[in-house]
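Every number here is computed from the coordinates shown, using simple stated rules; none is lab data. Quick caveat: nothing in here was measured; it's all calculated off a predicted structure. For neighbour counting, all protein chains shown are included, and Cβ atoms are generated from backbone atoms with ideal geometry for every residue, glycine included.
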Amino acid sequence: MTTMRAKMLVMSVSANTGTDGEGKSVTVSEQLRLAAVGPNRAYNEDGTGDEDNTFSRWTPCANLDITIQNPALFGQFKYGDKFYVDFTPADVPATEGQNATQG
């Protein structure tokens, strides 16, 4: 299978909080909501134009909800940020040195 790349826009970031041993409020996870990018104007029929137009021409609708619990990632995602999301078959070994569980 060929890999696929989508371009996504952060639509919202919500912190989920709890309390630590001292009763202080702490972030325990963040909920991210992303959607496929789209142009701010009409599509070019041939898919050309800016990069968002090109991506949205071939992947016009996508949504992703993801919860992160890695404290090192808290606060790293902001409304309006754009990210590439790559889809690679799961049976392909991870690159040496990567730890996929660290998100």
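Points to keep in mind about this one:
- The listed peptides 80-87, 51-58, ordered by packing as a protection proxy, come out as 51-58, 80-87 (highest mean of other Cβ atoms within 10 Å first).
- The fewest-to-most ranking of D20, D91 by surrounding Cβ atoms within 10 Å reads D91, D20.
- Equivalent ellipsoid semi-axes, region 4-81, via Cα gyration tensor eigenvalues times 5, rooted, Å: 35, 10, 8
- Mean separation of Cα contacts under 8 Å (6+ apart) over length of region 4-81, as relative contact order %: 37 percent
- Taking amide hydrogens as placed 1.01 Å from N in the peptide plane, the amide H of V28 sits under 5 Å from those of N16, T17, G18, each at least 5 positions away in sequence or on another chain.
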